[in-house]
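Visitor: Take this structure first; my questions come after.
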Amino acid sequence: MRSIAIIPARSGSKGLPGKNIKPLNGKPLLAYSIEAALASGMFDTVHVSTDSERYAGIARQYGADEPFLRSAETSSDTASSEDAIREVLRRYEETGQYFEAFMLLQPTSPLRTAEDIRAAFGVMEEKQAESVISVCEMEHSPLWCNTLPPDGSMRAFIRAGGNKRRQELETYYRLNGAIYLVKTEHFLQGHTFYGDGCYACIMSAERSVDIDSPTDFLIAECLLNSLSK
């Protein structure tokens, strides 16, 4: 099965400017996703979808294939990841390269490993899945979460079933944003990543850090140092 890794890396991050190339333990953030994709051995092409020649140059430095930049249409604040994916698939198809599956690898998940990527492909093969999405166990049960009224009363805060001991609660999982593996035909037919034919690939919580703030960078740095020992 011919597959492409697509790493979305716009240059216009508003919350944390330059986030996708911000150094993490001496390497640009997006380098971790490139290296994991290449090390997995699962892709015919690893492509960073970016609107910046500077970002593209960094991507090439770490081994990605960068024959074109994102268009202005798919680089806007209103453009979605799906728009960027369609553009990448179309541009490669114009050169005679068709991929049966793609994996969206957000650069904000630097602790995702080559083994995690291979595990997702394993789930797709085992389940004959149309898509595979990574999740991790939640740090706290959602039964212990709720909104608060204006007066701050917690009278109805604990939901039904939430008064059990932690050990007695069911295990809940959350999306961690690290892996979205989708069969191309399924995607181009207009299906969402989720729904029928979608299965979970479970990742560990420590590899599920999703960087969106300076604090997240510090957490990722600590975990990288810890895991490398």
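Visitor: Can you give the angle from 0 to 90° between the axis of helix 81-93 and the longest principal axis of the chain, with both taken from C-alpha atoms, to the nearest 10?
Guide: That helix lies at roughly 20 degrees to the long axis.
Visitor: Taking the chain as a Gaussian network, where each spring joins two C-alpha atoms under 10 Å apart, which residue of Pro17, Pro28, Pro107 fluctuates the most?
Guide: Most flexible of the set in this elastic network: Pro17.
Visitor: Sticking with this one: Hey, any idea what the orientation-averaged projected area of the convex hull of the chain's Cα atoms comes to, in nm²?
Guide: Orientation-averaged projected area of the Cα hull: 15.4 nm².
Visitor: Same structure, new question: Measure nothing fancy, just the Cα-based angle from helix 114-127's long axis to the longest principal axis of the chain, in degrees from 0 to 90, nearest 10.
Guide: 80 degrees
Visitor: Let me ask another. Using only the Cα atoms of region 102-191, each taken as one equal point scatterer with no solvent, compute I(q) by the Debye sum, divide by I(0), and report log10 of the ratio at q = 0.21, 0.24 Å⁻¹.
Guide: -0.99, -1.14
Visitor: Sticking with this structure for a sec: Restricting to lysines 8 or more places apart or on different chains, can you count the pairs in the chain with Cα atoms under 24 Å from each other?
Guide: Eligible lysine pairs with Cα atoms under 24 Å apart amount to 6.
Visitor: Quick one: what are the phi-derived ³J(HN,Hα) couplings along region 24-35, Karplus 6.51/-1.76/1.60 with θ = phi - 60°, whole Hz, x for glycine and proline?
Guide: These are the phi-based 3J(HN,Hα) values: 10, 6, x, 10, x, 3, 5, 4, 5, 5, 4, 5 Hz.
Visitor: Accessible area per residue for the chain in Å², computed with a 1.4 Å probe and the full protein assembly in place, what is it? List each step's numbers first, then the result.
Guide: Numbers: 12040 Å² over 229 residues.
Computed with neighbouring chains in place, this is 53 Å² per residue.
Visitor: Where q = 0.24 Å⁻¹, what log10 of I(q)/I(0) comes from the Debye formula for region 1-74, counting one point per Cα?
Guide: Summing over Cα pairs of region 1-74 leads to -1.11.
Visitor: Also, I was wondering about something else. For Ala120, what charge total do you get from the other residues with a beta carbon under 12 Å from its beta carbon, if Lys and Arg give +1 and Asp and Glu give -1?
Guide: Neighbourhood net charge equals -1.
Visitor: Using a Gaussian network model of the chain whose springs link C-alpha atoms within less than 10 Å, name the residue from Ser71, Ser81, Ser131 with the highest mean-square fluctuation.
Guide: Ser71
Visitor: While we're looking at this one, here's another question. Give the Cα extents of region 34-153 along the principal axes, in whole Å, largest first.
Guide: That gives 60, 38, 26 Å along the principal axes, largest extent first.
The values are calculated or read from the model by the stated rules, or taken from the named source; none is laboratory data. Note that the structure is a prediction, hence the values are computed from the model and not measured. So basically every Cβ, Gly included, is an ideal-geometry build from the backbone, and we count neighbours across all protein chains shown. Protein only, heavy atoms only, side chains kept; ligands, DNA and RNA dropped before computing areas. Shrake-Rupley method; radii C 1.70, N 1.55, O 1.52, S 1.80 Å.
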